[in-house]
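Structure record follows, encoded as structure tokens.
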Amino acid sequence: MRHLLNPLDFSVEETNELLTLASDIEHNLKKYAHVCDGKKLATLFYEPSTRTRLSFESAMLSLGGSVLGFSSANSSSAAKGESVADTIRMISCYADIAAMRHPKEGSALVASMHSQIPVINAGDGGHQHPTQTLTDLMTIRSLKGRLDNLTIGLCGDLKFGRTVHSLINAMVRYPNVRFVLISPDELKVPEYIREDVLRAKGIEFKEVSNLDAAIPELDILYMTRVQKERFFNEEDYIRLKDSYILDKAKMDLAKEDMYVLHPLPRVNEISTEVDDDPRAAYFRQAQYGVYVRMALIMTLLEVEKPC
Amino acid sequence: MRHLLNPLDFSVEETNELLTLASDIEHNLKKYAHVCDGKKLATLFYEPSTRTRLSFESAMLSLGGSVLGFSSANSSSAAKGESVADTIRMISCYADIAAMRHPKEGSALVASMHSQIPVINAGDGGHQHPTQTLTDLMTIRSLKGRLDNLTIGLCGDLKFGRTVHSLINAMVRYPNVRFVLISPDELKVPEYIREDVLRAKGIEFKEVSNLDAAIPELDILYMTRVQKERFFNEEDYIRLKDSYILDKAKMDLAKEDMYVLHPLPRVNEISTEVDDDPRAAYFRQAQYGVYVRMALIMTLLEVEKPC
Amino acid sequence: MRHLLNPLDFSVEETNELLTLASDIEHNLKKYAHVCDGKKLATLFYEPSTRTRLSFESAMLSLGGSVLGFSSANSSSAAKGESVADTIRMISCYADIAAMRHPKEGSALVASMHSQIPVINAGDGGHQHPTQTLTDLMTIRSLKGRLDNLTIGLCGDLKFGRTVHSLINAMVRYPNVRFVLISPDELKVPEYIREDVLRAKGIEFKEVSNLDAAIPELDILYMTRVQKERFFNEEDYIRLKDSYILDKAKMDLAKEDMYVLHPLPRVNEISTEVDDDPRAAYFRQAQYGVYVRMALIMTLLEVEKPC
């Protein structure tokens, strides 16, 4: 039995296989409408995350399966002091597969150790959120037709942004990927990403603070939120935040086939005037997230691919 | 693609068609058990409303579809500052149709402008609640066999009662409908209903304060709650509230074929001793609400009527 | 139409029939995958209980039915002051069967009196929780092959423990069942259990305070939580609690075919080192709980047993 706890749990080959399945699902949705008939997904959300939870639920329902679970800790047994280990053992009696979101790092790992059913980490604190990474990979592959030979700009909070770190870790496995890391000094990628991942593997990258200057060379621009709380003082925040808001003027500087991704929800870091630009891919990304979760559920449940 | 935002979005002809479909559903429920197989309804309830939410969910499940969503804002992305526009774009990737309840007027309209799927307004603040109005219409038509030639009593809080205003607006479209507006002076219908709707269209109506005196001539008595908070002082409330409690004694004054409706939940404005009276139709109304929502979902999804 | 409000609502014969059905479900799960197609279960949880709610939902989904409801009072109409009687009348329009959890004793009874659909009491205050008792019975019968000729140890808080009282009441109906009641003096079974149930029916039992001394003669050990709040002072709690923690050393004193049950969630009254002991049956108990609820839903809905 297999779980998905970290974005790198799947090898490059396995990831490619998963993305190919997701892509077939996208183009032949009806074919998959009953492959999980009678199967049950448990969504165990110890902290609310509507987007992720509903994406999983939509995925399971589109496969013909059904869903049960909870959407916040206060409506769960956790309130009675039950351990994650005991909860997943109980859930193993109720469902065939579980997607778990928990504020504490390592919770999904603990769950997987006591589970009788496959566990998908749907986010454990600031730690890992592997289905977001798979979603990002599928979006890039679908829009650009490849995962190699790309210049990827990552913009905003690169210090605390979990999705950014996971995406870097996932993309360095493909040949000839360059990174342009765009952030204020205060929010640069952590040392271990710069040294242990990028430098150690000889990956080409640069760190810049000016989005306008960086945007023309990008194939992908991955935007993230710059949170006020991350700054030491209000003045720094006010001074910096506008440079990292993507608008029409900035989009005019970009290539015609550069796509904009964002893990969502956005607050104001992408102006709504960009939404109608055909290169704005962040809502399509949500759709790819459903397909990739469908493929993942099928893979972990070892469901036969229909012919 | 079509949405339902306001009770008058459907013409009289379209409304009649919808009610006819709802009535066929009522009498041939099994025939419709699979017409929405594989379709998903998203219930987006930014404020709790068990009755409305479960009515929608029951409707979709009875059509063979499935349901996902959230039942209060604190378990939604709204807590992270996401706009309704962005949420509905995400939900468009997850579901085939959405029912949305939101405390802010106009929210459903905003959602519909950015949605890729039909949006049903399940209540936006004190503004509109069109499926309640459709439910009321179906109840009246089913019980009385017609929507014209009726004397309709509306009793209680006619000033703030959203359902009352919508019902008046909907019923004035049918020939020879008379209204008896029964309320304390403090809670009479607003000026725009009296002048712009009733007087402007030459509709026969009277405003009275005595339920006992008014009840004998009614074909339909639509009760609503008189909320304490609406009164300037406690004495007025205590003085008035009892006159607007429907009990057995008052029912004895009514016609044998007068039906009592109430949007529910009731608190004490209808005595439980009335519940067993065959003219008490407020629980049947809840049942009609499911059928009419089934018909609405089918209509907006453009699902073929089964033969 | 029939409800399940109290553990003794079913006669011994009816209970045996239900357990036999549950056992057939366990061994032929696929046969039952569609017996409730098109049926809807409403889970009405006025207070959260993830374990019980998800067990019911899993049961209904495994029968091919679907589920709607609420998981806490603040997302229900109760917040608007609606009575349980009115809520169940509404729910009768939305679903085919209801499972209700309510903090107030007698709520399920009130609901059943106004319901048009079968009501299952999923816990009403400290009062009754009949599906827990049925789960316990099925677990014992499945593991020991019988419900008679057993020595049953009940350990922990026997004074306030609802499940313990219900299990005693249920087990005294079977021949030659002996009880060993293991608790601190402060938490002995209430007078009415000792006198009106055990003594009045001539049932063999003893009350002891030492788990180590009692464990060797048991066929079943039913553990419960000892809650700190139950003690008059902290010293008593600290002095006593350790004697009632089941660990490997205590398990070494037990028979090879003695099974340990626990209604869950546990906090620390069973050491996790016991979990791998083949006699630890508390997680299997959760699985039996699903089968017995499947059998119960089928029985109350009068669904034909498939051949």
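The values are calculated or read from the model by the stated rules, or taken from the named source; none is laboratory data. Model, not experiment: these values are computed from the prediction. FYI the Cβ positions are ideal-geometry reconstructions off the backbone, even for glycines, and counts take in every protein chain you see.
Please work out which one of (1) of a type in the set (S, T, N, Q); (2) buried (at least 24 other Cβ atoms within 10 Å of the Cβ); (3) free of Cβ contacts under 8 Å to residues at least 60 places away in the same chain is the condition A:ASN176 fails and give its number.
(2) is the only condition that A:ASN176 fails.
For the subset of segment B:117-152 comprising residues that are free of Cβ contacts under 8 Å to residues at least 60 places away in the same chain and small (Gly, Ala, Ser), which member is farthest from B:LEU54 (Cα to Cα)?
B:GLY145
Among the numbered criteria (1) facing another protein chain (nearest Cβ under 8 Å); (2) surrounded by 24 or more Cβ atoms within 10 Å (Cβ to Cβ); (3) farther than 25 Å from C:HIS34 by Cβ, which single criterion is violated by C:ILE140?
Unmet for C:ILE140, out of (1) facing another protein chain (nearest Cβ under 8 Å); (2) surrounded by 24 or more Cβ atoms within 10 Å (Cβ to Cβ); (3) farther than 25 Å from C:HIS34 by Cβ: (1).
May I ask you to verify whether A:VAL260 is buried (at least 21 other Cβ atoms within 10 Å of the Cβ) and in the same structural domain as A:PRO216 (by TED's automatic domain parsing)? Step through it out loud before you land on a result.
Details: buried (at least 21 other Cβ atoms within 10 Å of the Cβ): yes; in the same structural domain as A:PRO216 (by TED's automatic domain parsing): yes.
Answer is yes for this residue.
State all residues of segment B:163-187 that are more than 17 Å from B:LEU218 (Cα to Cα) and either part of a strand (DSSP E or B) or out of contact with any helix residue (DSSP H, G or I) (no Cβ under 8 Å at 6 or more places or on another chain) (or both); if no residue qualifies, say none.
B:ASP185
Going by what's in this entry, would B:ILE245 be described as of a type in the set (A, V, I, L, M, F, W, C), modelled with pLDDT under 95 and crowded, with 16+ Cβ neighbours inside 10 Å?
On the way: of a type in the set (A, V, I, L, M, F, W, C): yes; modelled with pLDDT under 95: yes; crowded, with 16+ Cβ neighbours inside 10 Å: yes.
In short, yes.
Please determine, by comparing only the residues of segment B:270-307 that are basic (Lys, Arg) and at pLDDT 95 or above, which one is surrounded by the most Cβ atoms within 10 Å (Cβ to Cβ). Steps first, please.
Step one: filter segment B:270-307 for residues basic (Lys, Arg), giving B:279, B:284, B:293, B:305.
Imposing the further condition that a residue be at pLDDT 95 or above reduces the set to B:279, B:284, B:293.
Details: B:ARG279: 15, B:ARG284: 16, B:ARG293: 29.
Selected residue: B:ARG293.
Kindly indicate which of A:ALA22, A:ALA59 is closer than 28 Å to A:HIS102 by Cβ and in the same structural domain as A:HIS102 (by TED's automatic domain parsing). Before you say what the answer is, go through the steps one by one.
Values: A:ALA22 fails: in the same structural domain as A:HIS102 (by TED's automatic domain parsing).
Result: A:ALA59 is the single residue among A:ALA22, A:ALA59 that is closer than 28 Å to A:HIS102 by Cβ and in the same structural domain as A:HIS102 (by TED's automatic domain parsing).
Restricting the search to segment A:139-162, which residues are in a helix (DSSP H, G or I) and farther than 30 Å from A:ASP236 by Cβ?
A:THR139, A:ILE140, A:ARG141, A:SER142, A:LEU143, A:LYS144
Could you check C:ARG239 against (1) farther than 25 Å from C:GLN132 by Cα; (2) touching a helix residue (DSSP H, G or I) at 6+ places or on another chain (Cβ under 8 Å); (3) not acidic (Asp, Glu) and say which number it fails?
Only one criterion is unmet by C:ARG239, namely (2).
Pick out, from segment C:191-280, the strands (runs of 3 or more DSSP E) lying fully within it that include 2 or more residues that are over 16 Å from C:ARG178 (Cβ atoms).
Numbers: elements: C:205-208, C:220-223, C:259-261.
Result: C:259-261.
Listed here are the residues, each with its yes/no results for (1) of a type in the set (Lys, Arg); (2) in contact (Cβ under 8 Å) with a residue 24 or more places away in the chain; (3) more than 14 Å from chain C (Cβ to nearest Cβ).
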position	(1), (2), (3)
B:TYR244	no, yes, yes
B:ASP247	no, yes, yes
B:HIS262	no, yes, no
B:VAL267	no, yes, no
B:SER271	no, yes, no
B:ALA281	no, yes, no
B:GLN285	no, yes, no
B:ARG293	yes, yes, no
B:LEU296	no, yes, yes
